[in-house]
Amino acid sequence: MSGPWGAFSTRQEEERKRTVPDRVLLKRLYEYAKPFKKNLAIGIAAIVLSSVTGLAAPYMHKVAIDQIIQPRDLSGFLWWLPLFILVVLGNYFLQYVQVYQMRIIGENVVARIRDSIMERLQVISLRYFSEGEVGRILSRPVNDANTIRIFLRMGFTSILVDTSSILGTFVIMFTLNYRLAVLALLILPVAVIAVWFFGKASRKAYRRALSTLAGLTARMQEDLSGMKVIQAFVQEDGAKEAFGKKQDENVKANIRAILVSSSYQPMVILMRLVGTLVLLWYGTAFIKTGSITVGTLVAFIEYQFSYFMPLMDLIAVYDQYQSAMAATERLLDLVDTKVEVSDPPPELAVVLE
């Protein structure tokens, strides 16, 4: 496997097993985000407030049905409509703020990681370049860094938004009617177990996809830089065959990752349909007994949608999260690579001269 100075060769990198926990990787990423605490605080505040305004809409629908539509007091829309418009516009504005701030963080964090990589490449031992492929090394600050950039700009924001929306939905549902809320949440543990199970397979699949992409990039770099030699020795067919092999490996790895990720959403959609049927069945019985109003049942169905849609987003983002963690491992592996032969300090170098 790899030595204490990192994975030098292609075989070493592809066979190397990753054992770093996610919490360690996230802590290292946070170190790069520390200079942008202000942007992070503004972004998180906007995320929480946007979740609150987003959850206000179903409750306002309940109020409109129970206090305006059923009593046929349409004058109530005079205060309801302006308030509803204010809530919607506030939600859109807060979403703009959160997206803007989180993208600033994402761009700057990736820029700092690339700076660390370039600093390390300036002092890293020559064996790292002689035994490895330049294209495979280049793939880390380009492809892997871009994977993290996309996650920080969109995926991380989605995790915060969806998590706060789900928690807020639970609080409101239990406030409206705890018995109906319990029925609505009965199938949630099944979704959590499924996400955990698929997540393990997803992490392995995306790590393999990134590794094969690095191999493909390396193959292209080697062929392009040595094109004169390839043509001089009439090795075009061999180069084409080698490239095709790397291409096939990358395609198969990505198809495997897609196969794992595409299994998430159909399962969640099926659970949502079952949950809706349960709510309609028992909700209708509760209305007949006077336990809840029609507006409350409508709000429950909307709130069920409000936590199932974020749950589906979380599953999709979890797929992106696994890819980002695999990319983070590879980037930090290069940043942490030890130098075999260190240059002497400048003052000692002068003396030796």
Inset, instruction - Neighbouring Cβ atoms within 10 Å as the yardstick, rank Met173, Met60 fewest first. - result: Met60, Met173
Inset, instruction - Compute log10 of I(q)/I(0) for segment 22-344 with the Debye formula, placing one identical point scatterer on every Cα and leaving out solvent, at q = 0.11 Å⁻¹, to two decimals. - result: -0.84
Inset, instruction - Please give the FRET efficiency for Ala285 paired with Leu89, using the beta carbon to beta carbon distance and R0 = 35 Å, rounded to the nearest 0.05. - result: 0.35
Legend entry - At least 15 Å along the helix axis (C-alpha) and Kyte average at least 1.6, DSSP helices within the chain: 156-176
Inset, instruction - Please give, to one decimal in nm, the separation of the simple spin-label points placed at Val123 and Ala232, each 7 Å out from Cα toward the Cβ. - result: 3.7
Legend entry - Förster radius 41 Å - calculated FRET efficiency between Ser116 and Met60 (Cβ-Cβ, nearest 0.05): 0.25
Inset, instruction - Provide the gained length on full extension for the span Lys240 to Thr175, in nm with one decimal, where the gain is 0.36 nm per separating residue minus the Cα-Cα distance. - result: 16.9 nm
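Computed from the coordinates by the stated procedures, all read-outs in this text should not be read as laboratory data. What you are looking at is a predicted structure, and each value in this text was computed from that prediction instead of being measured. Note that each Cβ is placed from the backbone with ideal geometry, even for glycine, and that neighbours are counted across all protein chains shown.
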